[in-house]
Amino acid sequence: MEPLQKLTRRQVETLQSIRLLETPERGAPLKRIAASMHVSAPSALGHVTPLEGLGLVERYRGKSRLTARGRGTLLEYQRHHRVAESMFGRLGLPPSETCAAAREIDLAISHRTVEDVCRAQAHPTTCPHGEPIPACSSDQGGH
């Protein structure tokens with residue numbers, strides 16, 4: 001099973017919160033992570049701790065920041081989600097519905113399947129919302 005497939009939706013949201021809240025100088029405080037997720041600090045800690053165990057987050061003096069592996073996992077998630085959105089868009093779903101449909105499968109599909117779908121779609125560069133689709137990590141020159 002790939003690392004992304006081991007994560008829950010809430011754990012991906014935790015990674016996204018940390019990415020948005022951390023700065024180059026300091027990590028994200030637990031209280032701010034909790035507030036951004038609309039949960040209590042103990043609940044947020046319950047999401048951060050397993051991510052730390054997976055090597056996706058590191059904590060120092062109560063502040064959390066993404067590791068290089070955590071950043072890579074988030075980039076992979078964006079790719080899975082946006083490729084799935086593009087697929088649903090090509091199947092006729094309006095952009096207002098592609099995100100919800102993509103969320104039903106984006107954590108479950110393998111990297112290989114995402115690459116097959118991307119190739120079948122002639123390597124779209126943006127999702128239906130105009131957001132860029134990250135390049136495949138095994139393809140340094142783009143798609």
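Since every read-out is calculated from the coordinates, none of them should be taken as a lab result. Predicted model only: the values in this text are computed from it and were never measured. Note that each Cβ is placed from the backbone with ideal geometry, even for glycine, and that neighbours are counted across all protein chains shown.
Numbers at a glance
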read-out	value
Signed unit charges on C-beta, dipole axis of the chain, positive-most listed residue L74, G92, I109	L74
Charged-residue dipole, Cβ positions (Lys, Arg, Asp, Glu), the chain about Cα centre, Debye nearest 20	580
Cα-Cα pairs of region 75-120 separated by more than 13 Å (percent)	46
Stokes-Einstein D in µm²/s, Kirkwood radius over Cα pairs - the chain at 37 °C with 0.692 mPa s viscosity	207
Residue range of the chain that is longest and free of trypsin sites (Lys or Arg not before Pro) which are both DSSP loop and sparsely packed (at most 13 other C-beta within 10 Å)	62-143
Debye equation applied to the C-alpha atoms of region 3-66, log10 I(q)/I(0) at 0.11, 0.17, 0.19, 0.29 Å⁻¹	-0.19, -0.47, -0.60, -1.41
